[in-house]
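Shown next, in structure tokens, is the structure this report addresses.
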Amino acid sequence: MDFNKTRYIPMSRRRRIYEGKAKVLYEGPEPGTLIQHFKDDATAFNAKKHQVIEGKGVLNNRISEYIFQHLNDIGVPTHFIRRLNMREQLIREVEIIPLEVVVRNVAAGSLSQRLGIEEGTQLPRSIIEFYYKNDQLNDPMVSEEHITAFGWATPQEIDDIMALAIRVNDFLSGLFLGIGIRLVDFKMECGRLFESDMMRIVVADEISPDSCRLWDVKSNEKLDKDRFRRDLGGLIEAYTDVAKRLGIMTENERPMGAGPVLVKG
Ligand code: TMP
Ligand code: ASP
């Protein structure tokens, strides 16, 4: 299939497949594809806290594109095909596995709370945790026993997911360290991609400052969604800083899409 010749479907005629807290999925231009649209909504604590932060969706679309394209390039399979515009990307349709896969390198957030380990403590090794994706239950942490007993994933799929999680963690840790950022932890989601009579597990959803903890190496300043969760302010500035350090947002580019700019002749 030639995805470069995607035909344009006007917004009004697109079928909405699913709306989440920060993204909308639309029917894609070809069978087996979807369009993933990044909204400006920020939520925390299972949407008990909600705010629209203008420009966030544009930044996450770009940052997630950068990460997923590089994962594809190093042979880590993902659902990502290509970015379409400021807020949207073309993805492969997958069957989402109802787990949030969290990888931690440094103690923070719920791990620090649960086990009483001071935030910022380097962990003896990377730790992978699974949470059951269910808003009504507040995404509870689950073990491999629960996952296999309730049929959310098979033992083989859990092995595949963990192998992907380790590769993504190694890639992201190096990528961010190279631009002066410590990857404290992140969340990823996986999906089943069906191709002819084959099925494989791929990385899905998004990877962005919404789903990672990113601390400046020198100052420990938080460059992620904890700025919103903890009322620190400056979220757009922090996400823009991440994008600029990755080299994907030039100095003049504005994430806001605040309307036309007068070009001086
Ligand atoms: P936690 O410390 O709150 O468990 O979060 C661990 C990592 O997972 C952190 O980088 C934020 C991310 N995360 C999400 O992306 N979505 C969620 O719903 C939660 C709870 C965490
Ligand atoms: N719990 C998610 C977070 O804090 C967001 C949400 O559930 O509304 O990242």
- Note on the structure: Counting only residues 5 or more apart in sequence or on a different chain, those whose built amide H sits under 5 Å from that of residue 224 are 214
- How many nm is it between the label spots at residue 195 and residue 18, if each spot is 7 Å from the Cα in line with the beta carbon? 2.1 nm
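Taking a cut-off of 15 Å, what percent of all Cα-Cα pairs in region 74-152 are separated by more than that?
Tail fraction, whole percent: 70.
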- Between residue 141 and residue 74, how many nm apart are label points set 7 Å from Cα along the C-beta direction? 2.7 nm
- Task: Express the relative contact order of the chain as a whole percentage, based on alpha carbon pairs under 8 Å and six or more residues apart in sequence.
- Result: 17 percent
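Do you know the relative contact order of region 30-82, to the nearest whole percent, from alpha carbon pairs under 8 angstrom that are 6+ apart? Could the numbers behind the result be given before it?
Numbers: 39 pairs, mean separation 12.8, N = 53.
RCO, region 30-82: 24 percent.
In the P(r) worked out for the chain, what percent of Cα pairs fall beyond 22 Å?
Working: 20230 of 34980 pairs.
Above the 22 Å cut-off, the chain has 58 percent of its Cα pairs.
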- Identify the GluC sites (Glu not before Pro) of region 49-149 meeting these criteria: DSSP loop state and at most 11 other C-beta atoms within 10 Å of the C-beta. 118
- Message: So if the hydrodynamic radius of region 99-197 is defined as the Kirkwood radius over C-alpha pairs, what does Stokes-Einstein give as its diffusion coefficient at 4 °C and 1.567 mPa s, in µm² per second?
- Response: 88 µm²/s
- What's the Cα-based Rg to Rh of region 181-245, Rh via Kirkwood? 1.16
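Just need the relative contact order of region 52-194 here, percent rounded to a whole number, with Cα pairs under 8 Å and 6+ apart. Intermediate results must be reported in sequence, preceding the final value.
Working: 186 pairs, mean separation 38.1, N = 143.
RCO, region 52-194: 27 percent.
Could you work out the per residue convex hull volume over the alpha carbons of region 9-78, in cubic angstrom?
Working: hull volume 8.8 nm³, N = 70.
Value for region 9-78: 125 Å³ per residue.
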- Message: Cut-off under 23 Å on the C-alpha distance; same-chain residues fewer than 8 positions from residue 48 excluded. Which lysines are left, in chain and number order?
- Response: 21, 23, 39, 56, 133, 187, 222, 225
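Could you give the semi-axes, largest first, of the ellipsoid that matches region 65-106, computed as the square roots of 5 times the alpha carbon gyration tensor eigenvalues and rounded to whole Å? Don't jump to the answer; show the numbers that get you there.
Numbers: eigenvalues 82, 43, 27 Å².
After diagonalising the Cα gyration tensor, the semi-axes are 20, 15, 12 Å.
Give me the number: length gained by fully extending residue 148 to residue 219, i.e. 0.36 nm times residue separation minus the C-alpha to C-alpha distance, one decimal in nm.
Net length gain for the segment: 21.4 nm.
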- Query: If you rank 110, 219 by how much accessible surface each has, with a 1.4 Å probe, what is the order from largest down?
  - Reply: 219, 110
- Task: Give the span of region 1-155's Cα atoms along each principal axis, as three whole-Å numbers ordered largest to smallest.
- Result: 52, 38, 33
- Tell me, what % of the accessible area of region 1-157 is carbon and sulfur with a 1.4 angstrom probe? 51 percent
- Item | Probe 1.4 Å - accessible area at residue 167, Å² to nearest ten | 110 Å²
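The values are calculated or read from the model by the stated rules, or taken from the named source; none is laboratory data. Owing to the predicted nature of the structure, the values given are computational and were not obtained by experimental measurement. Note that each Cβ is placed from the backbone with ideal geometry, even for glycine, and that neighbours are counted across all protein chains shown. The protein model used for the area step is the full one, side chains on, heavy atoms only, and it has no ligands, DNA or RNA in it. Shrake-Rupley method; radii C 1.70, N 1.55, O 1.52, S 1.80 Å.
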